[in-house]
Amino acid sequence: MANTSAEAFAPATVANLGVGFDILGLALQEPGDTVRVERRSEPGVVVSRIEGDGGKLPRDPDKNTAGVAARETLRLLGVAEGVSLTIYKDLPLASGLGSSAASAVAAAVAVNALFGSPLTCDELLPACIEGEAAVSGYHADNVAPCLFGGVVLVAGTSADQIFRLPIPDRLHLALVTPDVAVPTAMARAVLPKTIELHDMVLQTAAVARLLNALHRGDVADMAAAMELDTIIEPARSHLMPLLPEVRAAAKQAGALGVVISGAGPTLCAVCDSSVIAQAAAAVMGQVYTAAGIASVTRHTRIAPDGARVLRVD
Ligand code: HSE
């Protein structure tokens, strides 16, 4: 008998990893978004309910990342039926944790599961990217780690340009998300259109050093390389309240480096133990509390696997 519903989870992601603007990303163990899909006899996609977005996300399926990803997945599957979506948002919106990508990926994976999972992750990638593009541009540094898991080099937007990188054993992350919305479009608008050759050389060297550190499992050198960004962070730092203070506090607590997560405002501290990540998360939150800014802190690890099917009925 045909399945009637399916549910999938897709994790938060940290894009850029400092120096790797638009080309590096990693998946977190938690939090993440969940999308439930139900089969409809009519073609097309309906967004029937969204929980956890404070009413902010569009219900129009053509403007909603999950709606677009579901539509594209149905097209890839070549099925005549449609689906209705229920989106459970656990990720804060416009926070730099890949919220739009997580909803898109969860929707694509759930729709595929509903129809028996005939498509591989490689084949689902274009549908996920289309979903993400509905709100934040055609780049895959959130979508790819969200779908595939781990640390990912995104050399392009097709599956053969996505490369899994080693995950250092001792890597732990602390994250703080201040209550400040930084839409990706705004954070991209402040970036320079051209850069000096000198800056290009520095940035390329830093990315190469980061990749080398990942391959050696050297968390300290990884953190040092991530912080060498001389292009993106300086252009965006005015959108990230208290970045220098948060960085200093995290390092005082033992963190090895702090970078902007994706387009921000979440800040991500790289640590080499769970105890330090917990301490760093706490002090980063305290910096915002002292300034009267609400924030949410987390300490977590990398998810080696990305989105997953939770149930099929
Ligand atoms: N690489 C992207 C950026 C991630 O920093 O703008 C946000 O989607």
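Observations
- Taking segment 1-23 as the range and being open to solvent by 10 Å² or more (accessible area, probe 1.4 Å) and away from the ligand (no atom under 12 Å from the Cβ) as the test, the residues that pass are 1, 2, 3, 4, 7, 9.
- Selected residue (only one of 191, 147, 153 is within 16 Å of the ligand (Cβ to nearest atom), of a type outside the set (Val, Ile, Thr), over 25 Å from residue 56 (Cα atoms) and not in a strand (DSSP E or B)): 191
- Test: residue in segment 218-231 that is within 15 Å of the ligand (Cβ to nearest atom) and without any contact (Cβ under 8 Å) to a residue 12 or more places away in the chain: no
- Qualifying residue in segment 89-107 (condition: away from the ligand (no atom under 16 Å from the Cβ) and either among the acidic types (Asp, Glu) or surrounded by fewer than 21 Cβ atoms within 10 Å (Cβ to Cβ) (or both)): yes
- Going through (1) within 16 Å of the ligand (Cβ to nearest atom); (2) surrounded by fewer than 21 Cβ atoms within 10 Å (Cβ to Cβ); (3) small (Gly, Ala, Ser); (4) under 16 Å from residue 24 (Cβ atoms) one by one, residue 237 falls short only on (4).
- Elements of type strands (runs of 3 or more DSSP E) in segment 230-313, at least 1 residues being under 17 Å from residue 170 (Cα atoms) and hydrophobic (A, V, I, L, M, F, W, C): 257-260, 267-271
- Filter pass, residue 72 being charged (D, E, K, R), over 19 Å from residue 125 (Cβ atoms) and open to solvent by 10 Å² or more (accessible area, probe 1.4 Å): no
- Residues in segment 156-173 include at least one that is outside any loop (DSSP other than H, G, I, E, B) and touching a Lys or Arg at 6+ places or on another chain (Cβ under 9 Å).
The values are calculated or read from the model by the stated rules, or taken from the named source; none is laboratory data. Note that this is a predicted model, so its numbers are computed, not measured. Using ideal geometry, Cβ is built from the backbone for each residue, glycine included, and neighbour counts are taken over all protein chains shown. Note: areas computed on protein heavy atoms with side chains; ligands, DNA, RNA excluded. Shrake-Rupley method; radii C 1.70, N 1.55, O 1.52, S 1.80 Å.
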